[in-house]
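A short worksheet on the structure shown next.
The values are calculated or read from the model by the stated rules, or taken from the named source; none is laboratory data. Fair warning: this is a prediction, and the values are worked out from it, not measured in the lab. Please note: Cβ atoms are built from the backbone with ideal geometry, for glycine as well, and neighbour counts cover all protein chains shown.
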Amino acid sequence: MKKYPYTEKKDTRSGFGAGLSVLGKTNPNVVALCADLTTSLKMDDFKKDHPERFFQIGIAEANMIGIAAGMTIGGKIPFTGTFANFSTGRVYDQIRQSVAYSDKNVKICASHAGLTLGEDGATHQILEDIGLMKMLPGMTVINPCDFNQTKAATIAIAEHHGPVYLRFGRPAVPNFTPADQKFEIGQAVMLNEGTDVTIFATGHLVWKAIEAGEQLAAQGINAEIINIHTIKPLDINAVIASAKKTRCVVTAEEHQMNGGLGDSIAQVLSRELPTPIEMVAVNDSFGESATPDQLMTKYGLDAINIVAAAIKVIARK
């Protein structure tokens, strides 16, 4: 099992803020809009350095999406920022009509996604946002795994023409991917080559998959671990190639089982290469108020459950 040491834990929302700050200095067409959560979204540096390109919309998320869509007509590249729940569920009609249907070049940047929002509770812990956004025609959906990858993804999406949903979170997580990485939209990242089982993971669950791989290796099981940072467009070639090799698959995500990464991979395999699959995800449930670690453990989004899913799916070959 390949080792992935890390020297620090950092929150992925800070990776977004760092990437946005770089764009502020390098791309004069980038503008930023926020719905009264500037500090939470780590947009303060952009606001300070480029006040003429920062727009505080207030608690009016639908209005923010409409303004962003309008700005693209003048050649601007708007990055909107608020919590994932308010970035998607609250404004789905505006995103569908004004952004996706119209193919507007809006970057919808969403923090505090999933259960790891923690103590704010179920009303804020959206677990269906990936499903909502990936179903929109033309929408790119990206869910990076750590600070460095979130920073790289933020910079990369400014060069991609078309609507993008960029999802990240609040808690500090291991920062283990290269600081100088080039983020390739739609290109899965091989973390560990294996032969016995494939683990496709996204977002915060990528590090949990690495931990699971180490535990499986101690049992003599060689897991292939792949970081699916782009859920749409999905790297279909990587999915099929790995499934051909290992002949069984586990998916891991901080999202509902319905509509998430697991669904996307299952669709590909059912059409191209029927393969046993187990999904580590939230099973048709809302969250609750607790610490992020407590919630991830209670809802089965940890290395122990990925290991159990791997052993179960291997037995189904």
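In this structure, is VAL197 surrounded by fewer than 24 Cβ atoms within 10 Å (Cβ to Cβ), β-branched (Val, Ile, Thr) and in contact with a helix residue (DSSP H, G or I) (Cβ under 9 Å, 6 or more places away or on another chain)? No, not satisfied.
The test for being among the aliphatic types (A, V, I, L, M), touching a residue at least 60 places away in the same chain (Cβ under 8 Å), surrounded by fewer than 22 Cβ atoms within 10 Å (Cβ to Cβ) and not assigned by TED's automatic domain parsing to the domain that holds ASP120 holds for ALA303.
Among the residues making up segment 37-65, a single one is surrounded by fewer than 17 Cβ atoms within 10 Å (Cβ to Cβ) and at positive phi: GLY58.
Residues that are in a loop (DSSP other than H, G, I, E, B), within 19 Å of the chain's Cα centre (by Cα) and surrounded by 15 or more Cβ atoms within 10 Å (Cβ to Cβ) within segment 279-295 comprise just one, GLY287. Counting only helices (runs of 4 or more DSSP H) wholly contained in segment 120-221, the ones carrying 2 or more residues that are among the small types (Gly, Ala, Ser) occupy 147-157, 205-218.
Checking LYS76, LYS48, LYS42, LYS104 one by one, the residue that is among the basic types (Lys, Arg), under 19 Å from the mean Cα position of the chain (by Cα) and either assigned by TED's automatic domain parsing to the domain that holds HIS161 or under 21 Å from PHE168 (Cβ atoms) (or both) is LYS42 and no other. On the stretch given as segment 223-248, residues that are in a loop (DSSP other than H, G, I, E, B) and of a type in the set (A, V, I, L, M, F, W, C) total 3. Filtering segment 265-284 to residues that are in contact (Cβ under 8 Å) with a residue 40 or more places away in the chain and farther than 22 Å from LYS317 by Cβ leaves only VAL282. Looking across segment 247-276, the residues that are surrounded by fewer than 23 Cβ atoms within 10 Å (Cβ to Cβ) and either of a type in the set (Asp, Glu) or more than 21 Å from the chain's Cα centre (by Cα) (or both) come down to ARG247, CYS248, ASP263, LEU269, SER270, ARG271, GLU272, LEU273, PRO274, PRO276.
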